[in-house]
Protein chains: 2
Amino acid sequence: MDLAIEDLHPSLGDRALLSMNFLNEVAQHYPDAISLAAGRPYEEFYDVEDLHSYLRTFTAHLAERGYDEAAIRRTLVQYGRTKGIIHELVAANLRLDEGIEVDPESIVVTVGCQEAMVLVLRALRAGPADVLLAVAPAYVGLTGAARLVDLPVRFVAGGAEGVDIDDLIAQVKQARAAGLRPRACYVMPDFANPSGLSLDLEMRQRLLEIAAQEDLLLLEDNPYGLFPAAGHERLPTLKALDTERRVVYLGSFAKTALPGARVGYVVADQRVTGAGLFADELSKIKSMLTVNTSAVAQAVVGGKLLENGCSLITANQREREVYASNLQLLTDGLAAHFPDGEVSWNVPAGGFFVVVTVPFPVDDALLRRSAEQYGVLWTPMSHFYDGSAPVNALRLSCSAVSRDEITTGLARLADLLRAELKTAAVRAELKAAAVRSELKAAAGAAEAPGQG
Amino acid sequence: MDLAIEDLHPSLGDRALLSMNFLNEVAQHYPDAISLAAGRPYEEFYDVEDLHSYLRTFTAHLAERGYDEAAIRRTLVQYGRTKGIIHELVAANLRLDEGIEVDPESIVVTVGCQEAMVLVLRALRAGPADVLLAVAPAYVGLTGAARLVDLPVRFVAGGAEGVDIDDLIAQVKQARAAGLRPRACYVMPDFANPSGLSLDLEMRQRLLEIAAQEDLLLLEDNPYGLFPAAGHERLPTLKALDTERRVVYLGSFAKTALPGARVGYVVADQRVTGAGLFADELSKIKSMLTVNTSAVAQAVVGGKLLENGCSLITANQREREVYASNLQLLTDGLAAHFPDGEVSWNVPAGGFFVVVTVPFPVDDALLRRSAEQYGVLWTPMSHFYDGSAPVNALRLSCSAVSRDEITTGLARLADLLRAELKTAAVRAELKAAAVRSELKAAAGAAEAPGQG
């Protein structure tokens, strides 16, 4: 039996889903290209043997808590609690590393942060009037999750400050005027993917005020917050500043513990009238989505937390140095290659990403050419915006590469961009010449009106 | 910020989701009651140490396949292939245990069978005219998954044969007459949850014919197929009989490998016009739902497959004996407790479940009373039907209990049911007396018409 693509869910033809696929496909097609595209964590410090150690540590922890052999076996091997088995360790981690105090019962452990997003968006999409706001440029996984639950996304300008507050207010008002109900605004306040931008403390407070004023939830996504650049301090998360339970906090262990575990979580301490915690409603959805998060995977992450006194700052000392030093190398390298201002970039206060702005549109065709002819991968920023307007920027990532790869990758990128700048200049010159010649012809025609 | 339940997705008020929650809640509230409700696998043969062994076996397998240390680490610890890393082992298992030949590329490894259902239903729900057919009584997880993707379920009568073919055809026609588009019919042909019924070979072939005739997909769910009762042979799955790629096969490792791994899969070898395999479309959805299935969890299941030459029949020799012997004990026990025909039950050809039919409605209140006063849990069959019509039946499970627990649990259940039969008899007698007295009063009134 054959199926027709138009008889399948519309998300399958959607930019967000195709985008992820396209980027993966290019990466697979050019395995030897240096990837300044991948946002994966640095993997050199991982050791397969650690998986065993983490598992044993978590097993020992259960024994210390009074679990007998049968209870330990049941916990690790059987079906388990829908909201997870490491919620208390997650709460301890949030207290320690983020100064966030939450009841472990308000935490749902999920299959990575992606499932956390789907749970929250599925719950918030009660009907066709509901819409989500998201600060642009936005992580493609957020847009994709929204598509899966038929929740339209309306983009809020990010600007240079990370969020354009006036545009946020305007978007809320426009949506309401159109009979729509903006349920929440998605934002990544720390070293955002893909922009690299962070919100300053004043902006964080302002965002919480606006959310209260407009009665919005804020969906705070924080995968990179532990990784400030050299000389930068970490700022409090929105959730740490939140006194009104206005923030749903999306947590990832992919960059701070183990991507291969696929464990994330959501803190949803909001109360639901006529029910209990928002977390318990998310848990009901989870019971029909994935039943529970793999106990084995949770045990591995739990063990890593335990071995580091529940601090992921402690666990990531070496990684923090690598990321800070790679980011420095990347921005220094850009400065060395492009001293003259034709190409510009931001200098993030941390995280994995830098956005490079150029005086020509950066599209998928250019990425393919870069991969094929120059051996370097990066991500067109157009993938992180709605619509098909050309975007003159690309994202570089420095998390999963060595210093040599950054240096070589940047040199290759510089060759590509310089060639494109030259082509763009020639094109501009040809266009100018064509315009001049048209003007001249028009002037000639104007001199011989009788022939018109 | 508080949320109102009516502002959340309607599935959260749905029977399917509430049902799962209610059953879990009762089980948690009465931890000392004997559970003839839980469909969990038997856990006594599991050993936490096996997790380490499986992981090492899978690691060694990667090394044998030529992966160097960095590639092994990347495979187990990093983000990975959306469709999974054990697809070839799954294909080998299907060939060996089920006689199903499929290209490993048509397999998507999922976060348990539950995610597989969500992927398929999400893909098939293209618009509001799409509906799903499901053989009743149906697994509550299927109904719940359909609710999450806003896909209405229309039930097909199961009857004594497992599927009422005439009703299936009638349901298809009725749906089409109502302007709806039935996309697929969900069925569990082997030792179904909750009915315990199996389809005979003729019925399987008939079902494939009807699916072809009506241009339907069949969604075959097969979590229990490896566990025939004593003296029963296994029958070929629909997928093994499928020559037209009309069957999407939903696979679970929860009962045959490790529930705590949360690994399942879907075989979707259908071709999609204008795209590739249906599996690749499901993979796109998965990339936005859970990104990929935990590599650690897959490695554990992969290791268990490898240690058993990819045969789960081999891996489950002891479990198969336990289940067959428990099922025998359960049906023998029912026969001993209820020799006189007031209470009846089916004698399944395998699996975990027996349905007991009684001459009174079995509701949630009776389950609570059973838990509190009799110390035994079971599942009201009403949870597996649509609508709120009373159902005079309950489901017993014998998979996660010892022989002693079955014996004691059954004795407790017999006490409850006998008490209910007596109450029902008294109620019937009172009702009959009331009717007699009404008739008499009416007759008296008829004798004195002047007072009317």
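Computed values, structure above
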read-out: Search result, residues across the range A:290-319 that are farther than 22 Å from A:L76 by Cβ and in contact with a Leu (Cβ under 7 Å, 6 or more places away or on another chain); value: A:S311, A:L312, A:I313, A:N316
read-out: Single unsatisfied condition, B:L327 versus (1) within 11 Å of chain A (Cβ to nearest Cβ); (2) buried (at least 24 other Cβ atoms within 10 Å of the Cβ); (3) more than 22 Å from A:A295 (Cβ to Cβ); value: (1)
read-out: Filtered residues of the range B:376-391 (kept if more than 19 Å from B:G144 (Cα to Cα) and surrounded by 17 or more Cβ atoms within 10 Å (Cβ to Cβ)); value: B:V376, B:L377, B:W378, B:V391
read-out: Selected residue (only one of A:E98, A:E69 is in the same structural domain as A:K304 (by TED's automatic domain parsing) and either at positive phi or surrounded by 16 or more Cβ atoms within 10 Å (Cβ to Cβ) (or both)); value: A:E98
read-out: Of the criteria (1) within 9 Å of another protein chain (Cβ to nearest Cβ); (2) part of a helix (DSSP H, G or I); (3) farther than 30 Å from B:R147 by Cβ; (4) among the aliphatic types (A, V, I, L, M), which one A:L62 fails; value: (1)
read-out: Selection count where residues are within 11 Å of chain A (Cβ to nearest Cβ) and assigned to a helix (DSSP H, G or I), scope the range B:41-59; value: 11
read-out: Members of the range B:272-304 that are more than 7 Å from every other protein chain (Cβ to nearest Cβ) and over 23 Å from the mean Cα position of the chain (by Cα); value: B:G276, B:L277, B:D280, B:S283, B:A299, B:G302, B:G303, B:K304
read-out: Matching strands (runs of 3 or more DSSP E) fully within the range B:65-162 where at least 3 residues are away from every other protein chain (no Cβ under 14 Å) and not small (G, A, S); value: B:153-156
read-out: Residue check for B:T273: of a type in the set (V, I, T) and modelled with pLDDT under 95; value: yes
read-out: Within the range B:243-256, considering residues that are part of a loop (DSSP other than H, G, I, E, B) and more than 10 Å from every other protein chain (Cβ to nearest Cβ), the one farthest from B:N222 (Cα to Cα); value: B:T243
read-out: Residue ID - nearest to A:E69 (Cα to Cα), chosen from residues in the range B:8-37 that are part of a loop (DSSP other than H, G, I, E, B) and in contact with a strand residue (DSSP E or B) (Cβ under 6 Å, 6 or more places away or on another chain); value: B:A33
read-out: Top-ranked residue of the range B:6-48 - restricted to ones that are in contact (Cβ under 8 Å) with a residue 60 or more places away in the chain and β-branched (V, I, T), ranked as surrounded by the most Cβ atoms within 10 Å (Cβ to Cβ); value: B:I34
read-out: Wholly within the range A:276-372, helices (runs of 4 or more DSSP H) carrying at least 2 residues that are more than 18 Å from A:G225 (Cα to Cα) and not assigned by TED's automatic domain parsing to the domain that holds A:R122; value: A:317-337, A:364-369
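The values are calculated or read from the model by the stated rules, or taken from the named source; none is laboratory data. Everything quoted here is computed from the prediction, not taken from an experiment. Positions of Cβ are generated from backbone atoms using ideal geometry, with glycine treated the same way; all protein chains shown enter the neighbour counts.
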